[in-house]
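K.L.:
Dropping the structure in here first, questions after.
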Amino acid sequence: MLLANRLQLSGAQLSSFVLGIFLPSLTEEFGLTPLEAGLLQGVWWFTWALTLVPFAIVFSKFRPVNLVQLSLILLIPFIILQGMSQSFYVLIGMRFFTILFHSMGVPARPLLFRQWAAPKDYGVINAVGLSLHSILLGVAISTSALLIGMIGSWRMAFFLHAAVMLVHAGLWPIVTKSGFEGQGVREITKDLKGALPASALKDYPQGWVVAVVMFALASMYSAVVTFLPSLLLEARELSLSVGGILISLIYLGLIPGGVLGSFITRKIKDGRVLLSIPAALSTLIGLSISSLPGIFLLGILTFALGVVWIVTPAIELLPFEFPDIKAREVAVMTCLWQTFSGIGFASGPVIVGCVAQMTGSLQFGLVVMSCLTVVGVMAGLLYPRPRIHAKTGE
């Protein structure tokens, strides 16, 4: 069930992660400027960033299975409307509503872990989920490039995406049927009651450190995913399919990384290592990609950018380990770092787009973005050492 939920979240986010493949076609059809291209990606993640923590505070009191179902039902029409958009303004509006309703279901995930899994299994479930996420996005990005090339239309990809999410919405009640019958799941009614959990934002300052690191990782990642295909087309006159293959290598790098993430969760107990080293590697890889080396080396670098994210299963579990933290507070803390991830995912393309529009160089935009991510390295070194372990009692 938790893996099905992971695939739902990954599937909903396809509208963001495949945008880089669509950009050349969208630019040709709508006459997009680099800034407008960045805003198409940015609106997704800025909306995510603005809504996640408030949604976690408000919607975490509802049963998570029902919240996920409602989120899926509401977002599907707006995926379809993205594919029907006839202007930049309509497209950006439909993207706003897609992520708005997707964000409603995100706070349910920590509660689903609490209800459906034992704490000792959280790391394995997260790691396997990351691998599934990587496989899905790797296949989707590479096939999207081929699909657009074969049929000459980016719109069909959105319609297929909506169909996949409709399947998810139909299967969710079946997958969670045992939960409604009370078989093998934990009753969490008491966890959903009580005072609002917003005080966690003040009580656990280490959560803000994690959030800044996630901002740095996400901004570099999103900048590369969004603009590398366009940069290769512009600077090297390489086909869109080549860009699609290179971007898909990022997700292929995450497939073994997901399995390794479980090992890292068990073995690495120093939070500063978990946070600062991946941030430093992300910065170095971003600068290397910005220099546009040969295709073979670019493939290695994009694959390595995916491998950097092998720590995310361990990072996602950090809020569960804060002392005396409650289930709804975990949801708020998880959404805090996801909020900063969203700000990063949004800021990366917007910063690159702004610099490119001012200087006329996408390549220089990526260099500037890479340098800014050093903030993640500095934040990671501020995390308390050793990692704090809560008594789960589960």
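The values are calculated or read from the model by the stated rules, or taken from the named source; none is laboratory data. Since the model is a prediction, treat every value here as computed from it, not as a measurement. Note that we place each Cβ from the backbone using ideal geometry, even for glycine, and neighbour counts take in every protein chain shown.
K.L.:
Being under 19 Å from the mean Cα position of the chain (by Cα), modelled with pLDDT of 75 or more and under 23 Å from residue 209 (Cβ atoms) is the filter here, so list the residues in region 249-275 that pass it.
P.N.:
274, 275
Yes or no, residue by residue, for (1) in contact with a Phe, Trp or Tyr (Cβ under 7 Å, 6 or more places away or on another chain); (2) not in a helix (DSSP H, G or I):
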residue: 23; (1), (2): no, no
residue: 27; (1), (2): no, no
residue: 32; (1), (2): yes, yes
residue: 43; (1), (2): yes, no
residue: 46; (1), (2): no, no
residue: 54; (1), (2): no, no
residue: 57; (1), (2): no, no
residue: 98; (1), (2): yes, no
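K.L.:
Sticking with this one: Scan region 281-302 for residues that are touching a residue at least 24 places away in the same chain (Cβ under 8 Å), buried (at least 19 other Cβ atoms within 10 Å of the Cβ) and of a type outside the set (Val, Ile, Thr) and report the count.
P.N.:
Residues in region 281-302 being touching a residue at least 24 places away in the same chain (Cβ under 8 Å), buried (at least 19 other Cβ atoms within 10 Å of the Cβ) and of a type outside the set (Val, Ile, Thr): 4 in total.
K.L.:
Next question. Restricted to region 144-163, and to residues that are within 25 Å of residue 243 (Cα to Cα) and modelled with pLDDT of 85 or more, which residue is nearest to the chain's Cα centre (by Cα)?
P.N.:
Going through the qualifying residues, I end up with 162.
K.L.:
Of these, 141, 135, which one is surrounded by fewer than 20 Cβ atoms within 10 Å (Cβ to Cβ), touching a Phe, Trp or Tyr at 6+ places or on another chain (Cβ under 8 Å), part of a helix (DSSP H, G or I) and modelled with pLDDT under 80?
P.N.:
Answer to the selection: 135.
K.L.:
Do you know which of the residues in region 1-17 that are assigned to a helix (DSSP H, G or I) and of a type in the set (A, V, I, L, M, F, W, C) is modelled with the lowest pLDDT?
P.N.:
So the residue we want is 17.
K.L.:
Given the residues 350, 273, 368, which is the only one that is closer than 22 Å to residue 41 by Cα, out of contact with any strand residue (DSSP E or B) (no Cβ under 6 Å at 6 or more places or on another chain) and surrounded by fewer than 19 Cβ atoms within 10 Å (Cβ to Cβ)?
P.N.:
Every option except 368 fails the conditions.
A quick yes/no check of all residues on (1) within 25 Å of residue 38 (Cβ to Cβ); (2) buried (at least 23 other Cβ atoms within 10 Å of the Cβ); (3) modelled with pLDDT of 85 or more:
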| position | (1), (2), (3) |
| --- | --- |
| 57 | no, no, no |
| 62 | no, no, no |
| 78 | yes, no, yes |
| 81 | yes, no, yes |
| 90 | yes, no, yes |
| 108 | no, yes, no |
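K.L.:
What's the number of the condition residue 352 fails, among (1) modelled with pLDDT under 85; (2) in a helix (DSSP H, G or I); (3) β-branched (Val, Ile, Thr)?
P.N.:
Checking residue 352 against (1) modelled with pLDDT under 85; (2) in a helix (DSSP H, G or I); (3) β-branched (Val, Ile, Thr), the one that fails is (1).
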